[in-house]
1. Looking only at residues in segment 200-218 that are open to solvent by less than 40 Å² (accessible area, probe 1.4 Å) and of a type in the set (Ser, Thr, Tyr), which one is farthest from ligand 1 (Cβ to nearest atom)?
2. Give the residue that is farthest from the chain's Cα centre (by Cα), with candidates limited to residues of segment 144-169 that are acidic (Asp, Glu) and open to solvent by 20 Å² or more (accessible area, probe 1.4 Å).
3. Could you give me the residue pairs with C-beta distances under 8 Å whose first residue belongs to segment 197-218 and is among the aliphatic types (A, V, I, L, M), whose second residue is near ligand 1 (Cβ under 10 Å from one of its atoms) and in a loop (DSSP other than H, G, I, E, B) wherever it lies, and which are 6+ apart or on separate chains?
4. Scan Ala109, Ala98 and give me the residue that is surrounded by 11 or more Cβ atoms within 10 Å (Cβ to Cβ), under 21 Å from the mean Cα position of the chain (by Cα) and either farther than 15 Å from Val182 by Cβ or without any contact (Cβ under 8 Å) to a residue 60 or more places away in the chain (or both).
5. Report every pair of residues separated by at least 6 positions or lying on different chains whose Cβ atoms are under 6 Å apart, first residue within segment 220-235 and in contact (Cβ under 8 Å) with a residue 60 or more places away in the chain and within 12 Å of ligand 1 (Cβ to nearest atom), second of a type in the set (Val, Ile, Thr) and open to solvent by less than 30 Å² (accessible area, probe 1.4 Å).
6. Among the residues of segment 30-52, are any modelled with pLDDT under 65 and not in a helix (DSSP H, G or I)?
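The values are calculated or read from the model by the stated rules, or taken from the named source; none is laboratory data. These numbers come from a predicted model, not from an experiment. Reconstructed Cβ throughout: ideal geometry from the backbone, glycine too, with neighbour counts over all protein chains shown. Surface areas here come from the heavy atoms of the whole protein model, side chains and all, with no ligands, DNA or RNA. Shrake-Rupley method; radii C 1.70, N 1.55, O 1.52, S 1.80 Å.
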Amino acid sequence: MEINKNIYENTEVIKDYRSDSDSEDLYVVMKGALETQRTRNKKTSETNSPRSRCYRLTAVCLCLLCVLLLTVIIVLWVKLQTTYNSLTAERDQLKRKADVCCHESKEEASRQGWRYFNSSMYYVFTGRKNWNESRQDCRERGADLVIINSREEQEFLSQHLGSSQAWIGLTDTDSEGVWKWVDGTALTTGYWSSGEPNSLVGDEDCVVYDFGPNTTWNWADYPCTRNFIWICEKTFFC
Ligand code: BGC
Ligand code: CA
């Protein structure tokens, strides 16, 4: 400010003697310098105006916010990754335990005489019960009455299991003529004996597997209250 003041004063002084041509030149130079200084001062005062200070503050705040957000995102991501890793490890361990448990149950069932075929084990129980009691017995053993999903399964039963007629897990109790397995699925392929199902003695809503000479076409509908042996099936996922 002091320098500006001097330049100004000097210019004013020089102005008084501008009749001289050197003084005239000096006057122009000094005036130019003064103008430059004034412009600079103006710019400085604009840069320090409350509005520009406000802009600067906002920019700084935004930068800080960005840094903060980035930090939060990184921390959360690391945490998430750690949780994911530990959950994956836990899941794998549980899977291994379940697998061991499953194999042990299979071995135990095998020791008790259950026969293995295609992820399932089967047993023919030889006490005689009606269809509901038979089903109940299977369930108490962690199984259910057998569901036959393929010709291979149908024929496996006759090759490996017993004689006589045995209850299987098929019934049309809910709706006459609509055959359903015990897991609620609809019958797609039936291995009925010739002439079956025939509801010969009235209500014949449950199905037996006849361990006779025909190893494929051997089902018949019977009244659910009749007593037969029964076939249980347990499924293993190991
Ligand atoms: C027939 C079955 C019938 C049953 C009734 C059998 O001889 O083959 O179709 O359901 O008798 O007792
Ligand atoms: Ca019948």
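1. In this case the residue turns out to be Thr216.
2. Keep residues of segment 144-169 that are acidic (Asp, Glu), which gives 144, 152-153, 155.
Next cut, open to solvent by 20 Å² or more (accessible area, probe 1.4 Å) only: 144, 152, 155.
Working: Asp144: 30, Glu152: 34, Glu155: 39 Å.
Only one residue fits best here, namely Glu155.
3. Val201/Pro223; Val207/Pro197
4. That would be Ala98, the only listed residue that is surrounded by 11 or more Cβ atoms within 10 Å (Cβ to Cβ), under 21 Å from the mean Cα position of the chain (by Cα) and either farther than 15 Å from Val182 by Cβ or without any contact (Cβ under 8 Å) to a residue 60 or more places away in the chain (or both).
5. Final answer for the pair search is Phe228/Val208.
6. Within segment 30-52 (the criterion being modelled with pLDDT under 65 and not in a helix (DSSP H, G or I)), the answer is no, since none of the residues qualifies.
Table: residues versus (1) small (Gly, Ala, Ser); (2) more than 9 Å from ligand 2 (Cβ to nearest atom).
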{"residue": "Thr188", "(1), (2)": "no, yes"}
{"residue": "Tyr191", "(1), (2)": "no, yes"}
{"residue": "Glu196", "(1), (2)": "no, no"}
{"residue": "Ser199", "(1), (2)": "yes, no"}
{"residue": "Asn214", "(1), (2)": "no, yes"}
{"residue": "Asp221", "(1), (2)": "no, no"}
{"residue": "Cys224", "(1), (2)": "no, yes"}
{"residue": "Ile229", "(1), (2)": "no, yes"}
